[in-house]
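The values are calculated or read from the model by the stated rules, or taken from the named source; none is laboratory data. Worth saying up front: this structure is predicted, and the values here are computed from it rather than measured. Here the Cβ is made from the backbone with ideal geometry for all residues, glycine too, and neighbour counts use every protein chain on show. Protein only, heavy atoms only, side chains kept; ligands, DNA and RNA dropped before computing areas. Shrake-Rupley method; radii C 1.70, N 1.55, O 1.52, S 1.80 Å.
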Amino acid sequence: MAEFFSDPRLRLLIESALRNNRDLRIAVLNIEQVRVRFQIRRADQFPAVGAALTGSRQPSAANNRNIASVYTAGVALTSYEIDFFGRVASLKEAELAQYLASEEGRRTTQISLIATVANTYLSLLADVEFLGITQQTLAAREESFKLSQLRFDNGVTSELDLRQAESLLEAARISREQLQRQRALDEKLLTLLSGQPLEGDLAAALSTGQALADAPVLVDVPAGLPSELLIRRPDIRQAEQQQLAANAGIGAARAAFFPRIALTASTGSASNHLSGLLQSGSWGWTLAPQLLLPLFDAGRNQARLASANSGRDIAVAQYEKVIQTAFREVVDALAERATLGEQLRAQQAQANAEGVRFKLSDLRYQNGIASQLDLLDAQRSLFAARQAVVQTRLLQLQNQVTLYKTLGGGWKEEGAQATP
């Protein structure tokens, strides 16, 4: 992660989110639950041996008046399935694939969380920069309104000019309140994502208004990356594991058509009297194998096999869809990257031109050459152009975060991969 996100404050936020975020914690707990189910399936491949103490009393076969008693104590093995046809092994493989798929699902959640934290952090920096621009514009419009009020009181200008200056002043105040509300919402979202309140260096940086242009966020993506990098995406790997689980389910469904062999055995001491269990000569053993061959089940096994085949087809279709979605997301992100740089350059040039225009309009207005309407129009255009520059810079930085997410957590080669 540190190789991609170079802003130390952002790295602290991401690390806090990885420790404290509830959605990620739920994903980790889900993995633990699936892991336990896999352990249960794996344990089915081994016999279960336990201590057994039994006693029975029943009428004697020779004489119903006599009661026959049998007491046993020893070690018993109950209903152990000898997996000749791979049913238990297939169920274990299915659970293993589900476990690995859940692990990839956790990585998907983790990468999405990192991207969301980064985008929210960038939005918060943009809110601060927007507020700075709005405060400067508001101060300039307050001075302009005072001057317009003075000129109107002295009969130099009409009420129309005064009301135009007042309208621009109130528009700047509206924009300031909207931005303050948006900043508060982004701060609350960032607090929720990181699992702790914003404090320390981060709060100080946000209060002083760090510019987006000064925020080192992400290393730029190099050219010529192979499309094979997409197989690193955890959602693609998750779809692969789900496909393996579906295939294993077919194996288990097919094995149900074959005989099932179960073995029950015990060894220990047996006696007609409870007091004789531990005496010499009372040792004995039992072995009870069982073979069950399905003859008629009203089509239950066939339906299970058909369901497993349908599940496999669904997993294949989902896998293809995930790959197509991955390609589309990367292509869209690269298309945005190709145009946002030139757009930012053009809008920065436009903002510079609007700044010069405003200075010239103000000079002409002070000398009585231009009207107040020209000055107010130049002031409005400068405000819009400066906001557009910040908005485009925000989109450009968020596009880099999107590339990080769509490429599965970066674009390093597999041998030098940085694990997020």
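Between ILE114, ILE369, ILE67, the GNM of the chain built on Cα springs shorter than 10 angstrom shows ILE67 fluctuating the most. Once the Cα-Cα distance is subtracted from the 0.36 nm per residue extended length, the GLN178 to VAL331 segment shows a gain of 51.7 nm. When the Gaussian network model of the chain links Cα atoms closer than 10 Å, the mean-square fluctuations of GLU129, GLU143, GLU81 top out at GLU143.
Calculate what fraction, in whole %, of the accessible area of segment 263-408 sits on carbon and sulfur atoms when a 1.4 Å probe is rolled over the protein chains. Roughly 58 percent of what the probe reaches on segment 263-408 is carbon or sulfur.
When you restrict to C-alpha pairs under 8 Å that are six or more residues apart and normalise by the size of the chain, the relative contact order lands at 25 percent. With 0.36 nm allotted per residue and the present C-alpha distance subtracted, the GLU166-GLU32 stretch has 42.0 nm of extension available.
Take every pair of alpha-carbon atoms less than 8 Å apart whose residues are at least six positions apart; their mean separation over the length of segment 354-412 yields a relative contact order of 27 percent. Extending 7 Å from Cα along the Cβ direction at GLU143 and again at ALA48 yields two label points whose distance is 8.4 nm.
Which FRET efficiency value, to the nearest 0.05, do you get for SER6 and GLU199 by plugging their Cβ-Cβ distance into 1/(1 + (r/R0)^6) with R0 = 25 Å? Between SER6 and GLU199 the formula returns 0.70.
At R0 = 51 Å, how high is the FRET efficiency between ALA353 and LYS321 if r is their beta carbon distance? Nearest 0.05 is fine. For ALA353 and LYS321, the calculated efficiency is 0.60. Taking a straight line from the alpha carbon of LYS359, these lysines sit under 21 Å away, with near neighbours fewer than eight places off in the same chain left out: LYS146.
Rounded to 0.05, the FRET efficiency of the ILE314 and THR191 pair, given R0 = 35 Å and the Cβ-Cβ distance, is 0.30.
Once C-alpha pairs closer than 8 Å and six or more residues apart are averaged by separation and normalised to the residue number of segment 1-115, the relative contact order reads 34 percent.
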